[in-house]
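Here the structure comes first, spelled out in structure tokens, and everything after it is commentary.
FYI, it's all coordinate maths here, none of it is from the lab. A quick note: this is a predicted structure, and the numbers were derived from the prediction, not measured. Cβ atoms come from the backbone with ideal geometry, glycine included; neighbour counts cover every protein chain shown.
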Amino acid sequence: MSTLEIKDLHVSIDTEQGVIPILKGVTLTINTGETHAIMGPNGSGKSTLASTIAGHPRYTVDSGSITLDGEDVLSMSVDERARAGLFLAMQYPVEVPGVTMTNFLRTAKTALDGEAPSLRHWTKDVKTAMSALRIDADFAQRNVNEGFSGGEKKRVEILQLELFRPRFAILDETDSGLDVDALKVVSEGVNREHSKGEMGTLLITHYTRILRYIKPDFVHVFVAGRIAEQGGPELADRLEEEGYDRFTAQTTVEA
Ligand code: ADP
Ligand code: MG
Ligand code: MG
């Protein structure tokens, strides 16, 4: 078992208006085999948490720690984090002009594992995963994310998840902009990988919809850069009925 541990994390961002603190003491422990949902209103810092774990240079860690099995993640480069088994599916996936999906996937897999995957298995694995995610075979020869629809980009993210087999997957609003069919296909992919029991998942979402397909073990409500409440799956049901008003009202009073 592996453990990703976030302790009292404070993160700020440098803007034209000055330095703005965004995360104000986030503590969270995720073990492989567990699915944690982070839910919260827009602007509460969910993507900031994801980007900080992934090592996005935009964000400054002021205090606190992130460790993976005791190893200091914050001192690792973005590449080192990926090799250590952290996977971030971005809210806004980027295009990579001039690089085909096939080349990208194989190059990334080789970099992650430190050796090239055996061609015979690899070709089969890619085909199997693509067909399970209902990604058309000719996508293999297309440039990464170039001209892909929102739904296609999300499927390709989950394709990477299934091929790279990370220890921890951070899925930031993987559900946004997906119709129900795409949501099901994408969720099935995450569940397939999860069922192998070797992955911890941090599922970040604004809406409860995806939690009908991916069942969280723990739900954390994120408000104004902090975890305001934690619970089991029943907390997501309550949020579906009550929304975030109760939490945001509280924050306003405190401020
Ligand atoms: P969420 O993902 O929960 O919607 P974010 O982490 O994207 O929240 O944003 C948290 C807060 O930080 C917001 O108030 C947002 O405006 C601010 N913020 C995040 N990234 C930037 C940025 N690059 N420049 C300026 N403000 C930012
Ligand atoms: Mg947002
Ligand atoms: Mg976000």
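Since GLY177 meets every condition but one in (1) away from ligand 1 (no atom under 16 Å from the Cβ); (2) without any contact (Cβ under 8 Å) to a residue 60 or more places away in the chain; (3) at positive phi, which condition does it not meet?
Unmet condition: (1).
Report whether or not GLY18 is over 23 Å from ASN191 (Cα atoms), free of Cβ contacts under 8 Å to residues at least 12 places away in the same chain, of a type outside the set (A, V, I, L, M) and within 16 Å of ligand 2 (Cβ to nearest atom). Full working, then the answer.
Values: over 23 Å from ASN191 (Cα atoms): yes; free of Cβ contacts under 8 Å to residues at least 12 places away in the same chain: yes; of a type outside the set (A, V, I, L, M): yes; within 16 Å of ligand 2 (Cβ to nearest atom): no.
Answer is no for this residue.
Return the total of residues in the range 27-56 being within 16 Å of ligand 2 (Cβ to nearest atom), within 24 Å of TYR244 (Cβ to Cβ) and not aliphatic (A, V, I, L, M).
11
Do you know which residues across the range 59-70 are within 16 Å of ligand 2 (Cβ to nearest atom) and either assigned to a loop (DSSP other than H, G, I, E, B) or more than 19 Å from the chain's Cα centre (by Cα) (or both)? Talk me through it step by step, then tell me what you get.
As a first pass, look at the range 59-70 and keep what is within 16 Å of ligand 2 (Cβ to nearest atom): 59.
The answer is none; no residue qualifies.
Scan the range 74-90 residue by residue and report those that are more than 16 Å from ligand 1 (Cβ to nearest atom), surrounded by 21 or more Cβ atoms within 10 Å (Cβ to Cβ) and either part of a strand (DSSP E or B) or of a type in the set (Val, Ile, Thr) (or both).
Once the filter is applied, which keeps residues that are more than 16 Å from ligand 1 (Cβ to nearest atom), surrounded by 21 or more Cβ atoms within 10 Å (Cβ to Cβ) and either part of a strand (DSSP E or B) or of a type in the set (Val, Ile, Thr) (or both), the range 74-90 yields LEU86, PHE87.
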